[in-house]
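Reading through the structure tokens given below for one structure.
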Amino acid sequence: MTLFPKKTNTDKRFYTATITDILAVHEDIRILVLRPDTPFTWQAGQYINISVGGLPARPYSIASAPGHSLEIHIKRGKGNASAYVMDRIQKNETVLFSEPEGRSVFNETINGPVLALAGGLGIAPIKAIAEQAFRTGFSHPFTLYWSATSESEHYIDENFKMLAREHDNFKFVPLTGRVMSAIIEKDIPHLKDWRVYLSGSPAMMAALVPVLLAKGADLENISYDRHPEAEIPAS
């Protein structure tokens, strides 16, 4: 089954990929593994717009570091695209996706500690950033807090526990409930000269930025993206 919606009047380039695996990591979360049909490059932390089943494309973060297969995490929501992924999508289907976008990416020139704060599926780009950091020999402290509504939604926590076992400078703290701000205020003494990555709901990021600034973080060192609405229409 070919899943190509019509292209819009845009200068953007689009790609096709084959779904090579579908992982049901939670009753409402799927991980899609995609093999691009042509060479494709991206930076850790970026996102792409993906169209499945001929439906309007939606923005999803890339959860894998560059050089690996494309890994996309999708949670059941109110839209048709997530329902299609949860209930109908199959291996070997073809998807259409856009060029990578986003500026909240891992920078290999970072010369200081990193704090990553993720909420829910916001863990996807943070996973890519952490993988890329340690693949390139990052030696400064890297601390990750991942907040979810329940323990079962820490669906890839073993990835980070393994990373912590392999790298003494990596710390992983899973959280449940809306406690991120309080934990940061309690656990982090200061954030001067730290690079901070945020990934989650707009409400979460809006609540955290004042806390981070109060801890001494430089606004220029707080990195996050807001996904625009997808631009590929239905066929």
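Couple of notes before you dig in:
Condition check ((1) surrounded by fewer than 20 Cβ atoms within 10 Å (Cβ to Cβ); (2) not aliphatic (A, V, I, L, M)) across all residues:
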residue: 117; (1), (2): no, no
residue: 126; (1), (2): no, no
residue: 145; (1), (2): no, yes
residue: 151; (1), (2): yes, yes
residue: 179; (1), (2): yes, no
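- Tally of residues being touching a strand residue (DSSP E or B) at 6+ places or on another chain (Cβ under 8 Å) and under 19 Å from residue 124 (Cβ atoms) across the range 168-212: 17
- Set 150, 104: member being on the phi < 0 side of the Ramachandran plot and in the same structural domain as residue 207 (by TED's automatic domain parsing): 150
- Among (1) small (Gly, Ala, Ser); (2) touching a helix residue (DSSP H, G or I) at 6+ places or on another chain (Cβ under 7 Å); (3) modelled with pLDDT under 95, the one test that residue 199 misses: (3)
- Every test in (1) at pLDDT below 95; (2) touching a strand residue (DSSP E or B) at 6+ places or on another chain (Cβ under 8 Å); (3) of a type in the set (Ser, Thr, Tyr) is passed by residue 10 save one, and that test is (2).
- The single condition among (1) at pLDDT 95 or above; (2) surrounded by fewer than 17 Cβ atoms within 10 Å (Cβ to Cβ); (3) within 18 Å of residue 124 (Cα to Cα) that residue 165 does not meet is (3).
- Options 139, 147, 104, 152: the member that is touching a residue at least 24 places away in the same chain (Cβ under 8 Å) and more than 30 Å from residue 218 (Cα to Cα): 152
The values are calculated or read from the model by the stated rules, or taken from the named source; none is laboratory data. This structure is a prediction, so every number in the text was calculated from the model and none was measured. Every residue, glycine among them, receives a Cβ derived from its backbone with ideal geometry; neighbour counts consider all protein chains shown.
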